[in-house]
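Before any comments, here is the structure.
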Amino acid sequence: MRRIITATVQNRSGVLNRITGMLSKRGFNIESISVGTSETEGISKMTFVVEISDSQKLEQLTKQLNKQIDVLKVSDITDKAMVARELALIKVGSTGQNRNEIQGVITPFRASVIDVSRDSLIIQVTGKPDKVDALISLLRPYGIKELSRTGVTAFLRGQQPQPLHEVNTLLI
Amino acid sequence: MKVEAKPKDVVDRKVVTGADVFIQALVNEGVDTVFGYPGGAVLPIYDALYRSNAKFEHILCRHEQGIIHAAEGYARVTGRAGVVIATSGPGATNLITGITDAMMDSLPIVIFTGQVGTNVIGTDAFQEADIIGITTPITKYNYQVTNIADLPRIVKEAFHIAETGRPGPVVVDIPKNISQELTVGDFETDFYLPGYQPTVNPNPLQIKKLSESLRRAKRPLLLAGAGVLFAGATEELKAFAEKYQLPVTTTLLGLGSFPGNHSLSLGMAGMHGTYAANMAIYESDLLINIGARFDDRLTGAIKHFAPNAKVAHIDIDPAEIGKNIKTNIPVVADAKAALKALLLEDAEDPDHKSWLEKINTNKETYPLWYERSSSEISPQWLIQQIYEETNGEAIITTDVGQHQMWAAQFYKFDKPNKWVTSGGLGTMGFGFPAAIGAQLGAPDSQVVAIVGDGGFQMTLQELSVIYQRKLPVKIIIVNNEALGMVRQWQETFYEERYSESLLSENPDFVKLAESYGVKGMRVDKEAEVPAVLREAFSYDGPVLVDCRVVKRECVYPMVAPGKGNHEMIGVTK
């Protein structure tokens, strides 16, 4: 099962290395990881997307993260009401002839062209990972020259339904 | 007329180096012994040590592996952090085995490594190694000091982290320019670690649940690990076991947490555990684990481990609970606090007479056994003789392997903190340097290093230290001219193909000891053993005894790898 886990950490030197090292040592499979500063100075927020086989492993993962001295809080937000977003930059081969066609493809995704050159375009898209997936597969026929994704970053929604009936997935 | 050289309100502070600040920080922690080895990057620290009037001893081992194992031995018997200083690069990397060993066995060690100057870090400078990167997975925490003002606080934090919660090793890497830097600083040492707040007191609801289960249990069993020793909870464990008449088995590292000669003691469980202990685990309906981590050498095949038991697990490290064995009643707490809480609960006396009878029958019918050789010295018998000669009161240190298992089986540890062995990592060469640290930590105790002829040769250079320091450590080499446990596995699982496990070219250990100034003795006849041991133990100083034992002896009983604890082999002759 795929889980989204967030961690607030103290921004001390080596903290990312410490955490990714622990995950690899204990055999956890990270699909993506995104790190950045938070609203509080000296505190960073990490978002992991991990593929985990069972609930015992999941419990181990959160416990091992919590055990890290730099880690302040760990939450598995997969089953909560949340927003999960990522950003992708996609460089697509494009000549003058198909530029408009590509524009037509990306418009429904609210993606934007952020760089144009003689034979390529750079497209920026943000959204749920499956939306990014969908756009990438639509652009593939035009020839993707370069692709870079930031990985998911996620937040709990301001209001949590009480009690929670539906089980969320990444598709929120 | 006297001229005031400076205004009166300026406090008179001496200019000191970072190294002086560091030494003062150690003094403030109450350090009495430091294990170290000098080198380029720690020259300023060693100079400060030379100039300082600090009252602690510096023990110069002859290899960095020696200093770290000695610090482990010290930590194991005192419960306080062992302190290590090594230089950058090779000095630091030579510590790796010991740091990993301390991590696996939860020993509080604070390691200070020198580092090249901050201006050349990352340039592959002479004797530079990325010790922070290397030790991140094998330490509880690590630091590189990049600002002299942080040094006193970091030292304080390092000791705090190493000694509290689940103990473990902490590395502090000090670049040379930091220890050379001049300062008049009077630095802040207050610290706050919001991400590190170990849970000491148990959740009362979980204690209630555990008491309730105890009341209903028909076949309860206590499993005591090293957590009981770290918590200093041996009295509470004994009181708890006696109150409810609960049989107790221990892990390898938990030996001594419960008196080995107590009528409720089943001895050690696991791969070379007693029949009574392993069968009790297999048959129990309530297994209460106190401070053990369900290591694979204890559990055997997980699917056969305590298959009918409700499992309660008391551990200060929440990540250990449910890691290997599914746990029904998790109790995150210090063992002492948890046992005290359990003692306050007045569960009515559970009735499990028939269970105790069955266990006692197992103990009587299938005790530990060996075939005593008629001509040679049986190693198990040798351990029993050491037990007799030391009245069971010695501190025993070992390496890993057959001699370790025989010591665990036949030296009945009645008291806590007398057993110093490498459990989780299984480190050859651990026992002898660990004995040095143990002797320094417990100067009034008899310390016996029971080592194999293989392991001893990995760290034997520390004979210099026991000679130099006149440490009355007794080294007993259980010499079977082989890497005994490797040989046993080759005999059992590899059709006696003894690949690279026979050591027929051993040195003359007696002459070796003598060349270091240490008294050397050899014994190869059973009849001479008591006299030789008596002479060794009454001798005022270090002694090495080369005991030639039966060469093809095996450790039994044994749970073969992949098998369940109930499928032991070699339970009887």
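Using only C-alpha atoms and all pairs of different ones, pull out the Kirkwood radius for region B:204-365 in Å with one decimal. Provide the component values of the computation, followed by the final result.
Values: mean 1/r = 0.0661 Å⁻¹.
The Cα-based Kirkwood calculation yields 15.1 Å.
Determine ³J(HN,Hα), in whole Hz, for all residues of region B:553-559 in sequence, where each value follows from phi through the Karplus function 6.51 cos²θ - 1.76 cosθ + 1.60 and θ = phi - 60°; x replaces Gly and Pro.
With the stated coefficients, region B:553-559 comes to 6, 10, 8, 9, x, 9, 9 Hz.
For B:W419, B:W381, what's the fewest-to-most ordering of other Cβ within 10 Å of each Cβ? Walk me through the numbers before you get to the answer.
Values: B:W419 28, B:W381 19.
In increasing order of surrounding Cβ atoms, one gets B:W381, B:W419.
Bin by bin, in steps of 10 Å, what percent of the Cα pairs in region B:379-555 do you find, going until the bin that has the longest distance?
For region B:379-555, the binned pair fractions read 10, 42, 37, 10, 1 percent.
Could you state, as a whole-number percent, how many of the C-alpha pairs of the protein assembly as shown are farther apart than 36 Å?
Working: 145033 of 277140 pairs.
Here the long-distance tail beyond 36 Å is 52 percent of all Cα pairs in the protein assembly as shown.
Please compute the modelled spin-label separation between A:I114 and B:L356, points set 7 Å along Cα→Cβ, answer in nm with one decimal.
Rounded to a tenth, the inter-label distance reads 7.4 nm.
Give me B:L95, B:L182, B:L49, A:L72 ranked fewest to most by other Cβ atoms within 10 Å of their Cβ, as a rough exposure proxy. Intermediate values should be presented prior to the final figure.
Working: B:L95 29, B:L182 11, B:L49 21, A:L72 17.
Least crowded to most crowded, the residues run B:L182, A:L72, B:L49, B:L95.
Tell me the Kirkwood radius of chain B: reciprocal of the mean inverse pair distance over distinct alpha-carbon atoms, in Å. Don't skip to the end; give the middle numbers.
On the way: mean 1/r = 0.0400 Å⁻¹.
Result for chain B stands at 25.0 Å.
Can you tell me what share of the DSSP beta bridges in region B:16-183 is antiparallel? A percent to the nearest 5 is fine.
Numbers: 2 of 24 bridges.
That works out to approximately 10 percent antiparallel.
With θ set to phi - 60° and the Karplus curve 6.51 cos²θ - 1.76 cosθ + 1.60, what are the ³J(HN,Hα) couplings of region A:133-149 in order, to the nearest whole Hz, using x for Gly and Pro?
Each residue's phi maps through the Karplus curve to give 4, 5, 5, 4, 5, 6, 7, 3, x, 7, x, 8, 8, 8, 9, 9, 10 Hz.
List the residues, sorted by chain then number, that are 5 or more residues from B:S373 or on another chain and whose placed amide H is less than 5 Å from its amide H.
So B:S373 has HN proximity to B:S378.
Would you order B:I281, A:I30 from fewest to most other beta-carbon atoms within 10 Å of each residue's own beta-carbon?
Details: B:I281 27, A:I30 15.
Neighbour counts put them in this order, fewest first: A:I30, B:I281.
Do any GluC sites (Glu not before Pro) in region B:125-193 lie in a DSSP loop with no more than 16 other beta carbon atoms within 10 Å, and if so, which?
Values: sites: B:E128, B:E157, B:E163, B:E181, B:E188; in loops: B:E128, B:E181, B:E188.
Hits after loop and neighbour filter: B:E188.
Taking only DSSP H segments of four or more residues, each worth -39500 (n - 2.57), what value at 222 nm results for chain A once the sum is divided by all its residues, to the nearest 500 deg cm²/dmol? Let's see the in-between values first.
Numbers: 4 runs with 43 residues, N = 172.
Roughly -7500 deg cm²/dmol at 222 nm, from the helical runs in chain A.
In terms of modelled amide H atoms, which long-range or inter-chain residues lie less than 5 Å from the amide H of B:L544?
B:I475, B:K519, B:G520, B:M521
Residue by residue through region B:91-96, which ³J(HN,Hα) values in whole Hz follow from phi under the Karplus form 6.51 cos²θ - 1.76 cosθ + 1.60 (θ = phi - 60°), with glycine and proline marked x?
Each residue of region B:91-96 in turn: x, 6, 5, 5, 8, 4 Hz.
Whole-Å semi-axes of region B:306-414's equivalent ellipsoid, largest first, each the root of 5 times a Cα gyration tensor eigenvalue?
Working: eigenvalues 247, 81, 51 Å².
Output for region B:306-414: semi-axes of 35, 20, 16 Å.
5 Å is the cut-off here: which amide hydrogens, built 1.01 Å from N in the peptide plane, fall below it relative to B:N203, excluding neighbours closer than 5 in sequence?
B:V332
Using only C-alpha positions, report the orientation-averaged shadow area of the convex hull of region A:85-153, nm², one decimal.
Across all orientations, region A:85-153 yields a mean hull projection of 3.9 nm².
Quick one: what do you get for region B:400-457 if you divide its Cα Rg by 2.2 N^0.38 Å? The partial results should precede the final answer.
Values: Rg = 11.2 Å, N = 58, 2.2 N^0.38 = 10.3 Å.
That ratio works out to 1.08.
Averaged over all directions, how much area does the convex hull of the C-alpha atoms of region A:26-167 cover when projected, in nm²? Intermediate values should be presented prior to the final figure.
Values: hull surface 46.1 nm².
Directional mean of the projected Cα hull area for region A:26-167 stands at 11.5 nm².
Which whole-number percent gives the relative contact order of region B:473-570, counting Cα pairs below 8 Å spaced six or more residues apart? Before the final figure, lay out the partial values.
Numbers: 126 pairs, mean separation 34.3, N = 98.
It rounds to 35 percent for region B:473-570.
Bear in mind these aren't lab numbers, they're just calculated from the coordinates by the rules spelled out. Note that this is a predicted model, so its numbers are computed, not measured. For neighbour counting, all protein chains shown are included, and Cβ atoms are generated from backbone atoms with ideal geometry for every residue, glycine included.
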